[in-house]
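Structure record follows, encoded as structure tokens.
The values are calculated or read from the model by the stated rules, or taken from the named source; none is laboratory data. Just so we're clear, the structure is a prediction, and the values are computed from it rather than from any experiment. Cβ: placed from backbone, ideal geometry, glycine included. Neighbour counts: every protein chain shown.
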Amino acid sequence: MFGFRPLPPGGRSRKRATRALFIMHGSEGTPEGRSLLLLRKWLSPSQREQFGRKGYFEVVGSGSGNRYRIHAGASVNVCEIDERGCLQEGLCFMPIGALPIGDVMLAQKIALETCEDKARAVARRFTPNGFHFRQARPLG
Amino acid sequence: MAIQIVMDGTGDSRHHFNSHDAQEIAKAEQRFYELTKVGFTAAVRTGPGQVCQIRSFDPNAEETVFFPRLVGG
């Protein structure tokens with residue numbers, strides 16, 4: 001009656017690919033889009049895949065070797081995780097100024113991977129919970 | 001062409017320079033030290049997903065990213 005039809009085989013993946021293309025090309029003109037393109041370029045293939053699939057990516061601290069999860073966001077978005085992937089301490093730090101999300105996340109990645117101590121020294125601590133890291137929309 | 005990418009509110013400002021042109025290298029070097037002097041951190045990619053902070057200007061770096069000083073939120 002309403003004309004709903006099941007998607008043909010491969011239809012779902014075509015739909016996803018079209019959406020990804022739209023996001024990639026449509027976003028270049030916006031600060032947020034440009035920053036996300038730059039971030040994706042600087043991520044490792046596994047981080048990129050993780051970011052696209054889960055909305056976050058993981059980095060390894062340069063000094064301690066501890067793992068951190070960087071969620072999509074510009075603040076209250078970094079969390080140390082243990083070897084089982086459980087959330088430990090949350091760290092809130094970002095570059096000064098009103099930067100778009102992708103730039104903030106890239107700066108956080110570089111800081112943790114190259115000068116972890118400096119990043120930890122300025123970071124405000126918080127106790128993470130699911131609410132902090134809800135993914136509102138896919139950015140990867 | 002090499003590029004210096006400075007993070008700012010517009011996403012980023014991009015400054016291309018020819019790494020075989022002495023005048024353009026001098027300009028890029030000046031920009032590097034002006035930015036790091038006011039607290040920007042400079043980083044380059046050393047491999048896929050691998051990053052490294054640099055404290056002195058590298059004219060051979062293909063892509064250098066600068067981000068402002070970190071603060072707690």
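Details
- Scanning the stretch A:52-97 for residues that are without any contact (Cβ under 8 Å) to a residue 12 or more places away in the chain and under 17 Å from A:Val122 (Cα atoms) gives A:Ile96, A:Gly97.
- Within the stretch A:97-115, being outside any loop (DSSP other than H, G, I, E, B) and touching a strand residue (DSSP E or B) at 6+ places or on another chain (Cβ under 9 Å) holds for A:Asp103, A:Val104, A:Met105, A:Leu106, A:Ala107, A:Gln108, A:Lys109, A:Ile110, A:Ala111, A:Leu112, A:Glu113, A:Thr114.
- Qualifying residue in the stretch B:30-42 (condition: of a type in the set (Val, Ile, Thr) and farther than 30 Å from A:Glu58 by Cβ): yes
- Residues of the stretch B:45-73 that turn out to be without any contact (Cβ under 8 Å) to a residue 40 or more places away in the chain and at the interface with chain A (Cβ under 10 Å from one of its Cβ atoms), as a count: 14
- Test result for B:Phe17, at negative phi, in contact with a Lys or Arg (Cβ under 8 Å, 6 or more places away or on another chain) and not small (Gly, Ala, Ser): yes
- In summary, B:Phe40 fulfils each of the numbered conditions (1) within 10 Å of chain A (Cβ to nearest Cβ); (2) at pLDDT below 95; (3) within 12 Å of the chain's Cα centre (by Cα) with the single exception of condition (2).
- Filtering the stretch B:32-62 to residues that are in a strand (DSSP E or B), touching a strand residue (DSSP E or B) at 6+ places or on another chain (Cβ under 8 Å) and more than 19 Å from A:Val104 (Cβ to Cβ) leaves B:Val44, B:Thr46, B:Cys52, B:Ile54.
- In the stretch A:1-55, residue modelled with the lowest pLDDT [restricted to those that are under 26 Å from B:Val65 (Cα atoms) and of a type in the set (S, T, N, Q)]: A:Ser27
- Residues that are aliphatic (A, V, I, L, M) and touching a helix residue (DSSP H, G or I) at 6+ places or on another chain (Cβ under 6 Å), drawn from the stretch A:39-77: A:Leu39, A:Val59, A:Ile70, A:Ala74, A:Val76
- Residue satisfying condition, being assigned to a loop (DSSP other than H, G, I, E, B) and at the interface with chain B (Cβ under 10 Å from one of its Cβ atoms), within set A:Ala119, A:Ala74: A:Ala74
- Condition check for A:Met94: modelled with pLDDT of 90 or more and either exposed (fewer than 13 other Cβ atoms within 10 Å of the Cβ) or not in a helix (DSSP H, G or I) (or both): yes
- Selection of the stretch A:39-60 for residues being facing chain B (nearest Cβ under 7 Å), assigned to a helix (DSSP H, G or I) and surrounded by fewer than 22 Cβ atoms within 10 Å (Cβ to Cβ) yields A:Pro45, A:Gln47.
- Against the list (1) within 30 Å of A:Glu49 (Cβ to Cβ); (2) in contact with a helix residue (DSSP H, G or I) (Cβ under 7 Å, 6 or more places away or on another chain); (3) at pLDDT 95 or above, the condition B:Phe57 fails is (1).
- Pairs with Cβ under 8 Å, 6+ apart, first in the stretch B:3-30 and within 11 Å of chain A (Cβ to nearest Cβ) and of a type in the set (Ser, Thr, Tyr), second exposed (fewer than 12 other Cβ atoms within 10 Å of the Cβ) and not in a helix (DSSP H, G or I): none
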